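Asks: Attaching a single structure in structure tokens format; questions to follow.
The values are calculated or read from the model by the stated rules, or taken from the named source; none is laboratory data. Since we're looking at a predicted model, the values are computed, not measured. Note that we place each Cβ from the backbone using ideal geometry, even for glycine, and neighbour counts take in every protein chain shown. Calculation scope for accessible area: heavy atoms of the full protein, side chains included, ligands and nucleic acids excluded. Shrake-Rupley method; radii C 1.70, N 1.55, O 1.52, S 1.80 Å.
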Amino acid sequence: MSVNLAKGQSVSLLKSTGETLTVVRMGLGWKSAPGKRGFFSRRPKEIDLDASALLYDGKVMSDVVFFSHLVSNDGSVQHTGDNLVGGAGAGEDDESIVVDLTKVPRRVTQIVFTVSSYTGQNFLEVQNAHCRLVDETTGKELARYELTGGGTHTGQIMAKVVRDGDGWKMTAIGAPATGRTFRDMLPFVEPFL
């Protein structure tokens, strides 16, 4: 059964059997909100949201996975590809980042997942946006964070996974930020490290 996360809530990344998860997928899905009524229709604007995974050694970023660098330098984190328009919304994922937790180097203590609007629209123009964590070996959704309420910001610090002893735990952050890329959002990420 999936856990719906509220801002700041944590969930341990353990299987129901107590075993540590090995491979997880952070999925991002969204739809463009309907635009203003035009002459012929209410056609939604195309919105390009981008998922990024920032790998940290303590509070120092050591690597990043995003649309222009699809695989981490060590191969443990992989972006499945850039979606330029969204469309899956509440059901499926438009972009995914797969993390093999068994291969993440020990020096990486946390991985922060962000979303940014590359095309510059704010989140008032996005609907049915979600970030979810899936056990990649079983396909079972473990946790979901709904990006509800929109807002005039163009970025969102969605969640982070942090080493917890020999395992990992996930914390939903859900903090607004401003930026078209992960680089623009780094100052907003810093307080959550």
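Asks: Count, please, the residues in region 44-76 that happen to be aliphatic (A, V, I, L, M), within 16 Å of the chain's Cα centre (by Cα) and under 14 Å from T114 (Cα atoms).
Replies: The number of residues fulfilling the criteria is 7.
Asks: Here's something else I'd like to know. Go through region 123-140 and report how many residues are of a type outside the set (F, W, Y) and open to solvent by less than 40 Å² (accessible area, probe 1.4 Å).
Replies: Qualifying residue count, region 123-140: 8.
Asks: Which one of these is open to solvent by less than 60 Å² (accessible area, probe 1.4 Å), modelled with pLDDT of 80 or more and not aliphatic (A, V, I, L, M): G38, G29?
Replies: Being open to solvent by less than 60 Å² (accessible area, probe 1.4 Å), modelled with pLDDT of 80 or more and not aliphatic (A, V, I, L, M) holds for just one of G38, G29, which is G29.
Asks: Output the residues belonging to region 103-118 that are open to solvent by 20 Å² or more (accessible area, probe 1.4 Å) and under 15 Å from F182 (Cβ atoms).
Replies: Y118
Asks: Identify, from the list G155, G120, G151, the residue that is in contact (Cβ under 8 Å) with a residue 40 or more places away in the chain, over 30 Å from G18 (Cα atoms) and in contact with a helix residue (DSSP H, G or I) (Cβ under 7 Å, 6 or more places away or on another chain).
Replies: Result: G155 is the single residue among G155, G120, G151 that is in contact (Cβ under 8 Å) with a residue 40 or more places away in the chain, over 30 Å from G18 (Cα atoms) and in contact with a helix residue (DSSP H, G or I) (Cβ under 7 Å, 6 or more places away or on another chain).
Asks: Applying the selection to region 140-193, what residues are closer than 21 Å to V98 by Cα and charged (D, E, K, R)?
Replies: Correct list: K140, E141, R144, E146, K160, R163, D164, D166, K169, R183.
Asks: So, one more: Quick check: anything in region 180-187 open to solvent by 70 Å² or more (accessible area, probe 1.4 Å) and assigned to a strand (DSSP E or B)?
Replies: No - not one qualifying residue is present in region 180-187.
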